[in-house]
Every structure is written in structure tokens, then in C-alpha cells.
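The values are calculated or read from the model by the stated rules, or taken from the named source; none is laboratory data. As the structure is a computational prediction, the values presented were derived from the model and not from experiment. When we count neighbours, we look across all protein chains shown, and the Cβ atoms used for this are built from the backbone with ideal geometry, even at glycine. These area figures cover heavy atoms from the full protein model, side chains too; ligands, DNA and RNA do not enter into them. Shrake-Rupley method; radii C 1.70, N 1.55, O 1.52, S 1.80 Å.
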Amino acid sequence: MSETYYITTAISYPNGKPHIGHAYELIATDAMARFQRKDGKDVFFLTGTDEHGIKMLQTARKEGISARELADRNAAEFQRMAQVLNASNDDFIRTTEERHIRSSQAIWKAMEANGDIYKGGYAGWYSVRDEAYYGEEETEVRPDNVRYGPQGTPVEWVEEESYFFRLSAYQDRLLALYEQNPGFIGPAEKRNEIMSFVKSGLKDLSVSRTTFDWGIPVPGDEKHVMYVWVDALTNYITAAGYPDLQASRWKYWPADAHIIGKDITRFHTIYWPAFLMSAVVPLPKRVFSHGFLFNRGEKMSKSVGNVVDPFSLVEAYGLDQVRYFLLREVPFGQDGNYSHEAIVNRTNADLANDLGNLAQRSLSMIAKNCEGRVPTPGDLKPEDQAILAQANAALATARQAMAEQATHHALAAIFAVVADANRYFAGQEPWALKKTDPARMESVLYTTAETIRRVAILCTPFMPDSADKLLDLLDIPADKRVFAEVGDHGSLRAGTPLPQPQGVFPRYVEPEAKQA
Ligand code: ME8
């Protein structure tokens, strides 16, 4: 039986349409899921929507519809986005589903049974936007006379009866967790930040609300609904079958990686492991916080309004171009910018010029000069062997990088092979060899096509459709498009007939230039 690998995105708030930040997270997580599948693992990849909480209720009220209608309408948009982005998620969870209500109530009862839930009164500075209470010292009154919380959102004084989770009791166990499992939080800077926050002391957490009812009822006290983050975080075990530990999917838990944005790191690295420890459920292996994407350095968000819609981005540049750009250009874990120029430069240079042209030129030569069949190589020279070995080494580098969610490093290693393969091809001048040494020409064309095969397999997690088109041109069967086939033993067989070559990566041309 193959090793399992469970990876998740955050679940998005469907109080608006999906934006580029959501697309970014989904694309990155999809590439990671696909990468592990290509490496032979039994992968479970989860995404979904976080449908409860006061924010949903407020937006719904503003629009004159019910929270459920709002959730239904926008959850459909998130599902459509997953399709348009070619996400390979195995499930899409909605927190309003019956299975999730059952699971959230079960984890609540488990935490209660462990003595970690008690009733009290709560008064504090509450941010509606963050759905979080903050200590007075975390807030500040700005010149506009409004008090703001640490995320820069307005806070108000709220008093209510509330259940509490004994988070303070978990401080030492959490610190031990971070100490003993340095990989639990990535990137490393985030780990340091969280450790010093936890060291500064944890307060018990208010985990129920009575001021509204759009949430999961607290078992045994139905005038309370659960604080949305208790319900939201639980999605990750719901999808694995919790509380049914005999469920066929329970084998996937604990998750190998939760991929989330930096603004929700505390929820995932402090609350979530504490809830799980309390409920006696194993902890996820890793939480990785990626950065925020900005449009030319400007912050995008639903409330700010300068949202760039992922659907139009894909329409303008092409899906695999957008996927490649986001995963290659921005170091995963850091904030990044994108702009029209950056997308066009990056994809024209790397995809159209480097990979696209190399494939087009070499495969056209094969079509013309080798009767459209895989050429027959003679003894390979050191320079031929070097480029093939570099492709094999890129797999090792990519594996290492993807284990740390460094998609940009993985792609850099793969595209370094492409750049060197172009130099190799230009340096060997197969068009000149055609007259002087046709046998050597065949070796060079073979080596180039074989390098493209390896690179294309390595590209499948990142640009699934385009990589498959390249592999179609090399007549590689579907079951051979896996990492185990990258090395020499999977090499192209001389004499195999190949289809007519076709361009795979069109150049982006400005619409004005097209008309002219
Ligand atoms: O936070 N760039 O939902 P959400 C990159 N429901 N990532 C971004 C981003 C940007 N500009 N804006 C948002 C929630 N994100 C909760 C999660 S998980 C149990 C509950 C990321 O719709 C954000 O950091 O506000 C988060 O990981 C994801 O998009 C969903 O954000």
C-alpha cells in the first residue's frame, strides 16, 4: 500500500467572490498535491468554504438575502474557480454540511469531556472583521478616534455569556511541540514569531457566541453557537471522517500539510493543535503560511475593492501561464507582487521562448529528418549525458524543495535544465550536423527530446495541461507520466512514431498588436 499524503488549503469565506489570493493558495496547494501523486503517494487534497460566523450574516443582511443563500451562491463560485484553475482536490467541504456539524459537535464534546470547556462571561475588544477578541494592549486608538486591533481592523467593546476553552493550560505543551518538531511551523520566521507569542502567555479563548445564531449549536446549550474558528478548523478532520475513526478516509489523518495565508497562522499553530490535544486527536505534521499577493504592491481585499478576479486573469494569460507565474515568480512564504508586465515577461521568456521553442525546434527537426520517429542515438557524449543527468538531479532538488513548500525553488531547478538544454541544442547545431554527421544529429535530437520528456514530467504538477500536451507529442502513455519514469530506464525508445509537432506555449501578444 502506498504512503498517504493529506494536504489542505484554508477554507475560504464565501461572503464574497473568490479573489486572486484564494486562487494563489489553491494553485500552490494543487501543485503540491499533484507533486506527491506523481511521486507515487496516495494523496487526499481538501479545499472548501467556511460558511458560518457573523461576517456572513452581516454581508447577507446588507444584500437582503439569508446567510444560507449567500453561502450557496458564493460556494458555487469557489467550486467553479477550483474547476477553472484545474485544481485536483479530492473533496470540497462546506462547513454547513451535516457531516461537519456532527464532527464539530463531537470535537466540542471531546474537549468538554477533557475538562477544557467552561462557562463564563466575556467582555472585551472584539473585531467583527477578524472575528476575534483582543487584549486592550493589542489595540490602539488612532487619530480618527476609532480603536483598532492588531490586524488593523476596528474593534468594539462586547459583553456576552460565553463558553471558554482552557487555552492557557496548553502553553507548555505547545512550546514543547514547536521545540520538538521544528518543522511544525513554516517558514522558519513564522515559527519564531509564534513561539515568542506563546511564550508571552496565553489567555483562555472565548469559544461560543449568543449574539447571533448563524453557526453550529453548542451541544447541550443551544442558545450558544460555536465561535466560527472552532467550527472552521475542524473541517480538516471532518473530511477525513471524524468522529468515525473507522471511516475509510481516517487513514489520511494527521494531515501532512495545512497550507494557509500568513494572517491566519495563529489560529492554525496555536488554537488548532491545542483543540486537538484536548480532544486527543493526533496533530497535523506541518502548517505552512504563505505570503500575500499584491497587485503592483497594493494590498487587495474584498473590502478594499481592487480585487482582480482570477477568472479574468486566466482568460487573459492562459491557465498554465498564471499557474507558472504565481509559483515561479513569488518565493512561496513571502509576499509578492504581480502585474501585467511581470506575467507577460515571465511566461514569454520561460514558457514560450525557452521550453516552447526548444520543443518546437527539436521536434520539428525530428519530424522532418527522422521520418517523424524517435531518433536512434549513437554512443552518448559527456555533454549529452550531462544534460540528461541534470534533469535527473532536478527531480531530487524539486523533491527536497516541495517537502518545504518551496515551489519557486522546484521550478527554478526544472527551468535551469530548460535553459541549459537550449544552450546545448544551440551549441551542438544539429541543423549543421544534418549534412556533416547525420548519426551525430540523431544523438543530439534524441538527447534533446529525452530531456524534454524528463522536464515535461517534472512540470506536470505545475502546468498539468501543457505538460500533458508535451508528453502527447512524445507519445508517452498516461501511466508513464510519473516521477519514477524520469530516469534513464524510462527513456524514449528509438523508432517510436511521433505525432505531428504543435506549439504548446503560445507567446502572449498585446491585443493592440494583434489587431495591427
Ligand atoms: O481566512 N494573498 O478565509 P479567507 C494571498 N475562512 N493569500 C490570501 C490573500 C492575498 N491577498 N487574501 C487572503 C479565512 N488570502 C478563513 C480560513 S481555515 C480553517 C479558515 C488567504 O477567505 C488567507 O490567508 O479570508 C487564507 O489562507 C485564504 O486566503 C482564505 O481566506
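Where Rh denotes the Kirkwood radius from the mean inverse Cα pair distance, what is Rg over Rh for region 239-284?
1.00
Restricting the calculation to Cα atoms, every distinct pair contributes to the Kirkwood radius of region 102-198, found to be 16.0 Å. Relative protection proxy for 339-345, 383-389, from highest mean packing down: 383-389, 339-345 (other beta-carbon atoms within 10 angstrom). Over the chain, accessible surface divided per residue gives 42 Å², non-protein components excluded, 1.4 Å probe. Using a ≥ b ≥ c from the Cα gyration tensor of region 425-516 (square roots of the eigenvalues), is it rounded, prolate or oblate, where a/c under 1.5 gives rounded and otherwise the larger of a/b and b/c decides, a/b for prolate? It comes out oblate by the Cα gyration axes. Computed from backbone phi, the HN-Hα couplings of region 80-95 come to 5, 4, 4, 5, 5, 7, 6, 6, 9, 4, 8, 7, 9, 9, 10, 6 Hz, rounded to whole numbers (Karplus: 6.51 cos²θ - 1.76 cosθ + 1.60, θ = phi - 60°; Gly and Pro given as x).
Measure off, as a whole percent, the carbon and sulfur share of the 1.4 Å-probe accessible area of the chain, all protein chains present. Reported share for carbon and sulfur atoms: 49 percent. Annotation: amide H-H contacts under 5 Å for S208 (H modelled 1.01 Å from N, sequence separation of 5 or more, or interchain): Y163, Y227. Taking only alpha carbon atoms, region 398-464 gives an Rg to Rh ratio of 1.13, where Rh is the Kirkwood radius. Here, P(r) means the percent of Cα pairs in each 10 Å bin from 0 to the largest distance; for region 474-516 it is 19, 33, 22, 15, 11. Taking Cα atoms, how many degrees apart are the long axis of helix 171-180 and the longest axis of the chain, rounded to 10 and kept between 0 and 90? So the helix axis and the longest Cα principal axis differ by about 20 degrees. Amide H contacts of A255: K285, each under 5 Å away and 5 or more positions distant or on a separate chain (H built 1.01 Å from N in the peptide plane; Pro and chain starts excluded).
The tail of the calculated P(r) for region 1-157, taken as Cα-Cα distances beyond 20 Å, holds 65 percent of the pairs. Relative to the longest principal axis of the Cα atoms of the chain, helix 357-369 runs at roughly 30 degrees.
A protection proxy built from the mean count of other Cβ atoms within 10 Å ranks the segments 107-120, 483-496, 132-145, 440-453, most packed first, as 440-453, 107-120, 483-496, 132-145. For L380 and E140 in the same chain, what is the full-extension length gain: residue separation times 0.36 nm, less their Cα-Cα distance, in nm? Gain in length upon complete extension: 79.5 nm. Estimated at 0.36 nm per residue, the fully extended path between D479 and H340 surpasses their Cα-Cα distance by 46.3 nm.
Projected onto their three principal axes, the Cα atoms of the chain cover extents of 89, 56, 38 Å, largest first. From the largest down, region 183-297 spans 45, 38, 34 angstrom on the principal axes of its Cα atoms.
May I ask you to derive the FRET efficiency for A432 and A316 from their Cβ-Cβ distance with R0 = 51 Å, giving the value to the nearest 0.05? Calculated value: 0.80.
Close amide H partners of I185, meaning residues 5 or more places away or on another chain with modelled amide H under 5 Å apart, are V287. Each Lys and Arg Cβ is given +1 and each Asp and Glu Cβ -1; about its Cα centre, the chain then shows a dipole of about 820 debye. Packing, taken as the mean count of other beta carbons within 10 Å per residue, orders the peptides 424-432, 321-329, 461-469 from highest to lowest as 321-329, 461-469, 424-432.
Within 11 Å, Cβ to Cβ, of E112, how many net charges do the neighbouring residues add up to if Lys/Arg are +1 and Asp/Glu are -1? Result for the neighbourhood of E112: +1. Calculated translational diffusion coefficient of region 289-442 (25 °C, 0.890 mPa s; Stokes-Einstein with Kirkwood radius over alpha-carbon pairs) equals 136 µm²/s. Phi angles of region 488-493 translate, via the Karplus equation with coefficients 6.51, -1.76, 1.60 and θ = phi - 60°, into HN-Hα couplings of 4, 5, x, 4, 4, 9 Hz per residue; Gly and Pro are given as x. Which net charge results when you count Lys and Arg as +1 and Asp and Glu as -1 among the other residues whose beta-carbon is under 13 Å from that of G378? Local charge sum for G378: -2.
Remark: region 126-132, residue by residue, has Karplus-estimated 3J(HN,Hα) of 10, 9, 5, 5, 8, 6, 8 Hz, where x stands for each Gly or Pro and the curve is 6.51 cos²θ - 1.76 cosθ + 1.60 at θ = phi - 60°.
Taking every alpha-carbon pair under 8 Å whose residues sit at least 6 apart, the chain reaches a relative contact order of 15 percent. With respect to the cross-link table entries K41/K262; K38/K190; K199/K251; K55/K109; K55/K469, which display a Cα-Cα separation exceeding 32 Å? In this structure, K199/K251; K55/K469 exceed 32 Å between Cα atoms.
Here region 161-281 is treated with +1 on each Lys and Arg Cβ and -1 on each Asp and Glu Cβ, and its dipole about the Cα centre works out to around 260 debye.
Charge tally around R173: other residues with Cβ under 14 Å, Lys/Arg +1 each, Asp/Glu -1 each, net -1.
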